[in-house]
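For reference, the structure discussed in these notes is given below.
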Amino acid sequence: MIYGQGSENPDIIIITDYPSEEEKSNSKAFVGSTESLFRQLFAANNYSLNRTYRTTFCKEPAPGGLQQIIRKGKIAPNKPGDYKGYFDAQCAMLEKELEHFSPKVIICTGDLPLWYLGHELKCRKFRGSVIPSILRDKDNKVIPMLSMLPPRWIFADIKWKIISQLDISKAI
């Protein structure tokens, strides 16, 4: 099980698709290289990552290579087929985790949190977009959600790091 971490009263919550190998071995979201990357991205905007709460959509290991199937776009979470129970369980855990907070912004870094919170599926298509979230805060206002690229893409190409810094400035 992967546990989220960060501020108890965050203005920003960041949700990735699924944990990296470092995160799995530590049972915590945003450790190791993912944490280092996001510290750099937020520091470039003069904002401390410690002021955010960070978590993953998938908190338990995906069954039968599901992570690879999702990554390659061969299954859509809104049509999970044999994986419906897994997706339902992950949605319930994330919802329970987020009930505790009243963030001003949620940053979705990947297709799965974007699908769950904004009913959209392509984070690359919606990157940088502000999308209304299905979650509502105590005053029943819509929480804006920013779609951003997953860490694995940011690591793959330096241009995405610069673009991600701009996306984070929009969230701040």
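Any read-out appearing in this document is the output of simple, stated calculations on the displayed coordinates, not a laboratory observation. Values in this document were obtained by computation on a predicted structure and should not be read as measured data. Here the Cβ is made from the backbone with ideal geometry for all residues, glycine too, and neighbour counts use every protein chain on show.
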Eligible aspartates and glutamates near residue 125 by straight Cα distance, threshold 19 Å, same-chain separation 8 or greater
17, 111, 157, 167
Label point 7 Å out from residue 3 along Cα-to-Cβ: which residues of the stretch 24-53 have amide N under 11 Å?
27-29
Through the Karplus equation 6.51 cos²θ - 1.76 cosθ + 1.60, θ set to phi - 60°, convert the phi angles of the stretch 14-22 into ³J(HN,Hα) values in whole Hz; use x for Gly and Pro.
10, 10, 9, 5, 8, x, 6, 4, 4
Could you calculate the contour length gain from residue 165 to residue 45, that is, 0.36 nm times the residue separation minus the distance between their Cα atoms, to one decimal place in nm?
42.5 nm
